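Heads up: the structure comes next, in structure tokens.
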Amino acid sequence: GPRRGLSMIVRVRAPATTANLGPGFDCAGAALELWNELELAPSGGPVDRSHLGVRAFELLAPADGWSFDFTDNIPQARGLGSSASVIALGLVAAATVGELERTADELLALGLELEGHGDNLAAALVGGVCLTWGTRIARIADTTPATPIAVIPAARGLTAESRAALPATVPHADAAFSGGRAALLGAAL
């Protein structure tokens, strides 16, 4: 049980992600070769409960008694899923120390409370190229058929601000076009 877990040091890592792949808006994501890491060790010190990774951890296990050493290699607020990576770190670490056997779908369902959209979180949890709907993940490819290149802007951008710029509705013809291209995207991957 969790008592046994208090004597261990746990190291986990989660990848950067790219999501909204073409027509796969809010449902297609891919893991990238850039990683955030967490080392969790027994400790009696204070816990920063405002940290997103600690908040994710506490969805499954109490943070008291642990020290959280996060290594953030993924640039924040630059479109590379840094928050999804940190949430995945917290969830996987908590499941590990609590000796909880949770599926990726179950972790996604918990993490959506903090992340809001599943495409980045799904790819951070299972790697590869993923499709997600609701609280379900389908890993459809181990890698992409092309080499991803990330261009990291100097300016930060919050997801909520980007989403606010989107129209509330799209014309039927645009939706049909995107639906067809989404099917082709899945087939191509």
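Brief remarks follow.
- Between 0 and 90°, nearest 10: helix 104-115 axis offset from the chain longest Cα axis: 90 degrees
- When 78, 156, 139 are compared by accessible area at a 1.4 angstrom probe, the order from most to least is 156, 139, 78.
- Sorted from greatest to least, the principal axis extents spanned by the alpha carbons of region 60-137 come out as 35, 28, 21 Å.
- Along region 56-66 the Karplus relation, 6.51 cos²θ - 1.76 cosθ + 1.60 evaluated at θ = phi - 60°, assigns HN-Hα couplings of 5, 4, 6, 6, 10, 8, x, 7, 4, x, 10 Hz to successive residues, with x for each Gly and Pro.
- With every protein chain in place, region 14-55: carbon and sulfur % of accessible area (1.4 Å): 54 percent
- Listed options for Kirkwood radius over Cα pairs in Å are (1) 20.3; (2) 17.4; (3) 16.7. The value calculated from this structure is the one marked (2).
- Across region 110-189, C-alpha contacts under 8 Å between residues 6 or more apart give a mean separation that, scaled by the residue count, equals a relative contact order of 20 percent.
- Model label points for residue 164 and residue 151, set 7 angstrom from Cα along the Cα-to-Cβ axis, are 2.5 nm apart.
- Carbon/sulfur fraction of accessible area - region 95-173, other protein chains in place, 1.4 Å, %: 57 percent
- Applying the criteria of a DSSP loop state and at most 13 other Cβ atoms within 10 Å to the trypsin sites (Lys or Arg not before Pro) of region 1-76 yields 49.
- For the chain, a crude dipole built from +1 on the beta carbon of Lys and Arg and -1 on the beta carbon of Asp and Glu, taken about the Cα centre, is about 120 debye to the nearest 20.
- Solvent-accessible area per residue, Å², over the chain with all protein chains present [probe radius 1.4 Å]: 54 Å²
- Since only 60, 25, 81 are under comparison, the one whose Cα sits farthest along the positive direction of the charge dipole of region 6-138, derived from C-beta charges on Lys, Arg, Asp and Glu, is 25.
- Electrostatic dipole magnitude of region 59-155 [Cβ: Lys, Arg +1; Asp, Glu -1; Cα centre; debye, to 20]: 340 debye
- Debye-sum result for region 93-167 in log10 I(q)/I(0), which assumes one identical scatterer on each alpha carbon, at q = 0.12 Å⁻¹: -0.46
- Between residue 181 and residue 69, residue separation times 0.36 nm minus the direct Cα-Cα distance comes to 36.1 nm.
- The relative contact order of region 3-89, computed from alpha carbon pairs under 8 Å that lie at least 6 residues apart in sequence, is 34 percent.
The values are calculated or read from the model by the stated rules, or taken from the named source; none is laboratory data. As the structure is a prediction and not an experimental result, all values here were calculated from the model. Reconstructed Cβ throughout: ideal geometry from the backbone, glycine too, with neighbour counts over all protein chains shown. When the accessible area is computed, the model is the full protein with side chains, heavy atoms only, and any ligands, DNA or RNA have been set aside. Shrake-Rupley method; radii C 1.70, N 1.55, O 1.52, S 1.80 Å.
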